[in-house]
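Peer 1: Structure provided below as structure tokens; questions to follow.
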Amino acid sequence: MVLSAVLISIWQIASLITDNSLICPSIFEIIAQMIGQASSPVFYQALGMTLARCGIGLFLSFILSLLAGAFSFWNQKIGWVCDQLCALLQSIPNVAFIILLLFWTGRNEVVVIVQILLLTPMIFRELHEGLKDIARTYHEVFVLYPQPLVEKLKKAALPMLEPMMRSSLKSAGSLGLKAVVMAEILASVSNGIGRQLQSARLNLNFAGVLGWVLWLMLISLLLEQGWNALFAWSEERSNSI
């Protein structure tokens with residue numbers, strides 16, 4: 001709170017010195033913009049579209065990562081191929097993905113696909129490292145007591161990877177929101193927070209841009225708190241059972 005108060009004070013002083021809303025709008029102008037944005041139906045439409053794209057991309061990324069991790073746990077060669085493919089995807093800038101995908105698909109689909117290409121390698125590589133550790137640790141047990149792949153995943157791998165999966169989901173959710181907004185701006189989608197940011201920029205409304213940025217920060221904090229509450233509820237339920 002103290003740091004926030006200091007930063008706000010510095011910003012307000014800079015605003016008074018510059019006396020130019022295009023360079024450094026005052027705190028009161030930014031707050032007025034945020035209130036105006038939240039009072040408009042467009043705000044909730046844009047928020048809903050962005051969160052929907054974020055949720056779809058996160059869900060598909062997590063499913064793809066789990067499937068790739070399961071096959072990698074079953075066969076080390078598949079794991080090596082998936083790991084190299086993820087390294088290749090992570091070496092390509094997201095902007096390049098957006099430009100390429102705009103030749104092949106629609107603007108709205110680009111936003112989700114870019115998020116999948118960004119999040120899947122990150123989630124998979126974390127799960128893959130955990131699965132490799134489990135395979136090394138319990139190699140002798142698996143040899144003495146062979147089990148089908150489904151049983152190994154259900155009884156050994158997934159329970160041990162649960163904390164890692166929770167951490168991956170939380171990190172991917174925050175990163176996914178940023179990726180979605182970036183893709184919305186670059187792909188020029190018809191609706192979404194990225195579209196509103198772009199509109200504010202084109203209208204030279206710097207206070208409006210900062211208002212949307214602050215809303216994004218608040219949404220990210222709320223999403224993180226939501227993940228924490230969900231995980232806490234899940235732990236309480238599993239302990240009660």
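The values are calculated or read from the model by the stated rules, or taken from the named source; none is laboratory data. Small disclaimer: the values here were computed from a predicted structure and weren't measured. Glycine gets a Cβ as well: all are built from the backbone with ideal geometry, and neighbour counts include every protein chain shown. Side chains included, ligands, DNA and RNA excluded: accessible areas come from the protein's heavy atoms. Shrake-Rupley method; radii C 1.70, N 1.55, O 1.52, S 1.80 Å.
Peer 1: What residue, of Trp74, Trp104, is modelled with pLDDT under 90, surrounded by fewer than 18 Cβ atoms within 10 Å (Cβ to Cβ), over 29 Å from Leu216 (Cα atoms) and touching a Leu at 6+ places or on another chain (Cβ under 6 Å)?
Peer 2: Trp74
Peer 1: Quick check on my filter: what residues within the stretch 90-100 are surrounded by 15 or more Cβ atoms within 10 Å (Cβ to Cβ) and either free of Cβ contacts under 8 Å to residues at least 60 places away in the same chain or of a type in the set (Ser, Thr, Tyr) (or both)?
Peer 2: Phe97
Peer 1: Could you list, in sequence order, all residues of the stretch 169-193 that are closer than 13 Å to Leu118 by Cβ and either outside any helix (DSSP H, G or I) or of a type in the set (Ser, Thr, Tyr) (or both)?
Peer 2: Listed by number, the residues that qualify are Ser171, Ser174.
Peer 1: Follow-up question, since we're still on this one. Going by the structure shown, is Ile23 in contact (Cβ under 8 Å) with a residue 24 or more places away in the chain, part of a helix (DSSP H, G or I), within 26 Å of Asn203 (Cβ to Cβ) and not acidic (Asp, Glu)?
Peer 2: Considered against the rule, which asks whether it is in contact (Cβ under 8 Å) with a residue 24 or more places away in the chain, part of a helix (DSSP H, G or I), within 26 Å of Asn203 (Cβ to Cβ) and not acidic (Asp, Glu), Ile23 comes out as no.
Peer 1: Which residue, of Val114, Val81, is in contact with a Phe, Trp or Tyr (Cβ under 8 Å, 6 or more places away or on another chain), in a helix (DSSP H, G or I) and of a type outside the set (Gly, Ala, Ser)?
Peer 2: Checking each option against the conditions leaves just Val114.
Peer 1: Another question, if that's okay. Based on this model, can you work out whether Leu67 counts as surrounded by fewer than 15 Cβ atoms within 10 Å (Cβ to Cβ), part of a helix (DSSP H, G or I) and within 27 Å of the chain's Cα centre (by Cα)?
Peer 2: Judged against the criteria, Leu67 is a match.
Peer 1: Let me ask another. Working only within the stretch 160-203, note down all residues that are open to solvent by 30 Å² or more (accessible area, probe 1.4 Å) and of a type in the set (Asp, Glu).
Peer 2: Within the stretch 160-203, just Glu162 meets the criteria.
Peer 1: With the structure loaded, tell me whether Phe62 is open to solvent by 80 Å² or more (accessible area, probe 1.4 Å) and assigned to a helix (DSSP H, G or I) or whether it fails that test.
Peer 2: Considered against the rule, which asks whether it is open to solvent by 80 Å² or more (accessible area, probe 1.4 Å) and assigned to a helix (DSSP H, G or I), Phe62 comes out as no.
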